[in-house]
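Q: Below is a structure I'd like to ask you about.
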Amino acid sequence: MAKKASSAPEAVSAEYRVLARKYRPQNFSELKGQEALVRTLTNAIQSGRIAHAFMLTGVRGVGKTTTARIIARALNCEKGPTITPCGQCEQCRAIAEDRNIDVLEMDAASNTSVEGISTLIDSVQYAPVAGRYKIFVLDEVHMLSKSAFAALLKTLEEPPEHVKFVFATTEIRKVPVTILSRCQRFDLRRIDSGVLEKYFTELLALEKVAADASAVAMIARAADGSARDGLSLLDQAISREPKKITAQQVSDMLGLVDRSVTLDLFEAVMKGSSQPALALLDSLYKGGADAAMVLQDLLDLTHYLTKVKVAPELAKDMALPEAERVRGLELAQGLPIPVLTRAWQMLLKGAQEVQQAPHPQLALEMLMIRLMYVSDQPTPGDVLKQLKDGGTVSMGGGPLGSPGGGSSRPTIMSRTAAAPAALGDLDAGVQACVNGFNDVVALFGQRREAILQSQLMNFVHLVKFEQGHLSLRLKEGAPHNLAGQISNKLGEWTGQRWVVSLSREAGEPTLAEVKQGQQQTVMNDIKAHPVVAEALKSFPGAKIIDIRERK
């Protein structure tokens, strides 16, 4: 006997629709963050000045396709054209359900050739079946080929009165100018994170799902201005925990680092506290944090601190918890702008290294060590300012004033020792005064004429120096116009006429020869020293390569 068939399964619930489809805006008032577009289209429809072609551009998920469908409903609604399509008439329902015969949506990426566009052009001449207009919506229009654009050009320039075109693209630069000039262009903006946060909170209330405010804020920030991306993340968060979405769950889902930890890490690095900073990095790594995400958080924090340093009042408008805002302001007050911009540049360059490194965590640690190493170094602007003031440059302690992990390397740089950094001290607008040939050579260095200074030292024998007159003998190989260049430059810098004449007299040795002679004298004295002589004797073949004066 055959077994009795099992009872039929219970009816399956209606197919689940993701939030991005379930809550797709149905009219202009529901569009989020696109006030300028809504205002322009509203005025155009109310006044009857409706363009024959619209170009919608913007990043993914800001509402380009949604706007195209709202335009189609607004124009073909049985109560229209209207800025508030009823959503109840046959035209509105058919467009919403993607079955309206007069609204043709085409993916340009799948119809890049002339053949695909030819089908569209052929159907343009036929009047709409039931609606007021025949509306063609082309998504990702920049994917059309050059020949397809050319084929569309004439129809787009002079379409029949019953035809409207709505184009959408994420890469407006790839659309030919000849196409753009025939369209009314609308740039859809990234949606502000505050707007998205409020929107997501409203949707969660409709879905009867509880969520921490900080969790919703994290999803809004991660959406990066895209409503669709944010709704996808919200869907994922609800799937992980249908009863209540917490900040910790969202952080784990996104692989984010707690912002307080990011603040701790940045502060330790800026103080040069190597042990706490590396310990934080290690704990983040063991906790599963991605090195690239840690670096992105540090970049975001550096940008935030720089922004509130320049304009502290902006901190009140930023979507951050009060504790983070207060601590961020305190950090910003202790960090000069040059230090923050230096950190930004190093982090930005390090981002490429982390992405390309075989072990991103090691690259991140090396980047943090570099940042800690320069934490107690003054910026170039500070060095020049202190040297110009005739003082000394003290390095050590970090910009936040706490040497922390042993990275402090106190050093005193004197003005004499840092002379190469002070070559620009002489203002170009101040007339110089020279009292000897050495002053002349030094002046060329101060005016950053390094080539001419080198030629003066190596090719010139001074025969006679007087104010306004130089008598020189040039060595073989000297540039033929050297005397003229010296005369012109000295006249420009000193404000008086200088005559530079060439002589056949032997003159003094060149400065390079003098320096070489001095070095040779020192070398001979060193070799004659009993200790050095004994060392050279004990190590046959040993040579003295260089002699440096101990400060």
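Just so it is clear, none of the values below were taken in a lab; they were calculated from the coordinates. Fair warning: this is a prediction, and the values are worked out from it, not measured in the lab. Cβ sites come from the backbone with ideal geometry, for glycine too, and all protein chains shown count toward neighbours.
Q: Give the average over all directions of the projected area of the C-alpha convex hull of region 437-508, one decimal, in nm².
A: Dividing the Cα hull surface by four gives the mean projection, 4.2 nm².
Q: Hey, with R₀ at 51 Å, roughly what FRET efficiency would Val522 and Leu329 work out to, going by the Cβ-Cβ distance, to 0.05?
A: Numbers: r = 57 Å, r/R0 = 1.13.
In this case the efficiency is close to 0.35.
Q: Could I have the simple spin-label model distance between Ala36 and Glu78, label points 7 Å from Cα toward Cβ, reported in nm to one decimal?
A: 3.8
Q: Using the 10 angstrom Cβ neighbour count as an exposure proxy, how do Phe539, Phe437, Phe167 rank, fewest first?
A: Least crowded to most crowded, the residues run Phe539, Phe437, Phe167.
Q: Of the cross-linked pairs Lys146/Lys174; Lys64/Lys154; Lys32/Lys208; Lys489/Lys515; Lys79/Lys154, which ones have a Cα-Cα span greater than 20 Å in the structure shown? Spell out each step's value before the answer.
A: Numbers: Lys146/Lys174 10 Å; Lys64/Lys154 25 Å; Lys32/Lys208 22 Å; Lys489/Lys515 25 Å; Lys79/Lys154 32 Å.
Where the Cα-Cα span goes over 20 Å, the pairs concerned are Lys64/Lys154; Lys32/Lys208; Lys489/Lys515; Lys79/Lys154.
Q: Also: Whole angstrom only: what separates the Cα centroid of region 149-217 from the Cα centroid of region 447-512?
A: 70
Q: Sticking with this one: Once you sort the root eigenvalues of the Cα gyration tensor of region 105-255 as a ≥ b ≥ c, which label holds: rounded (a/c under 1.5), prolate (a/b larger than b/c) or oblate (the other case)?
A: Because a/c hits 1.5 or more and a/b exceeds b/c, region 105-255 counts as prolate.
Q: If amide H atoms are built 1.01 Å from N in the plane of the peptide, which residues on other chains or at least 5 residues away come under 5 Å of the amide H of Ile245?
A: Residues meeting the amide H criterion: Ala210, Ala211, Asp212.
Q: Taking the Cα centre of region 429-482 as the origin, how large is its charge dipole in debye, to the nearest 20, when only Lys and Arg (+1) and Asp and Glu (-1) carry charge on their Cβ atoms?
A: Dipole of region 429-482, to the nearest 20 debye: 60 debye.
Q: Starting from the amide H of Val499, placed 1.01 Å from N in the peptide plane, find each other amide H under 5 Å away whose residue is 5 or more places distant or on another chain.
A: Amide H to amide H, under 5 Å and 5 or more residues apart or across chains, Val499 pairs with His469, Leu470.
Q: Could you go through region 55-67 in sequence order and give the Karplus-derived ³J(HN,Hα) for each residue, using 6.51 cos²θ - 1.76 cosθ + 1.60 with θ = phi - 60°, rounded to whole Hz, and x for Gly and Pro?
A: With the stated coefficients, region 55-67 comes to 10, 9, 10, x, 5, 5, x, 9, x, 5, 5, 4, 4 Hz.
Q: I've got another one for you. Based only on other Cβ atoms within 10 Å, what is the fewest-to-most ordering of Tyr373, Tyr133?
A: Details: Tyr373 13, Tyr133 22.
Sorted ascending by nearby Cβ count, the order is Tyr373, Tyr133.
Q: What's the magnitude of the charge dipole for region 203-355 around its Cα centre, counting Lys and Arg as +1 and Asp and Glu as -1 at the beta-carbon? Answer in Debye, nearest 20. Kindly include the intermediate steps, with their values, before the conclusion.
A: Working: 16 positive and 20 negative charges, 36 e Å.
Taking the Cα centre of region 203-355 as origin, the dipole is about 180 debye.
Q: If you take the square roots of the eigenvalues of the alpha-carbon gyration tensor of region 93-193 and sort them as a ≥ b ≥ c, do you get rounded (a/c under 1.5), prolate (a/b over b/c) or oblate?
A: Oblate, since a/c reaches 1.5 and b/c is not below a/b.
Q: For region 357-362, just list the computed ³J(HN,Hα) in residue order, Karplus coefficients 6.51, -1.76 and 1.60, θ = phi - 60°, integers in Hz, with x standing in for Gly and Pro.
A: Listing the rounded values in order: 6, x, 10, x, 5, 5 Hz.
Q: Compute, for region 216-275, the length of the dipole vector about the Cα centre, with Cβ point charges of +1 (Lys, Arg) and -1 (Asp, Glu) only. Units Debye, rounded to 20.
A: That gives a dipole near 140 debye.
Q: Enumerate the calculated ³J(HN,Hα) couplings along region 112-120 in order (Karplus 6.51 cos²θ - 1.76 cosθ + 1.60, θ = phi - 60°), each rounded to whole Hz, writing x wherever the residue is Gly or Pro.
A: Listing the rounded values in order: 7, 8, 5, 4, x, 6, 4, 4, 5 Hz.
Q: Fewest first, what order do Glu157, Glu140, Glu313 take by the number of other Cβ atoms within 10 Å?
A: Fewest-to-most ranking of Glu157, Glu140, Glu313: Glu313, Glu157, Glu140.
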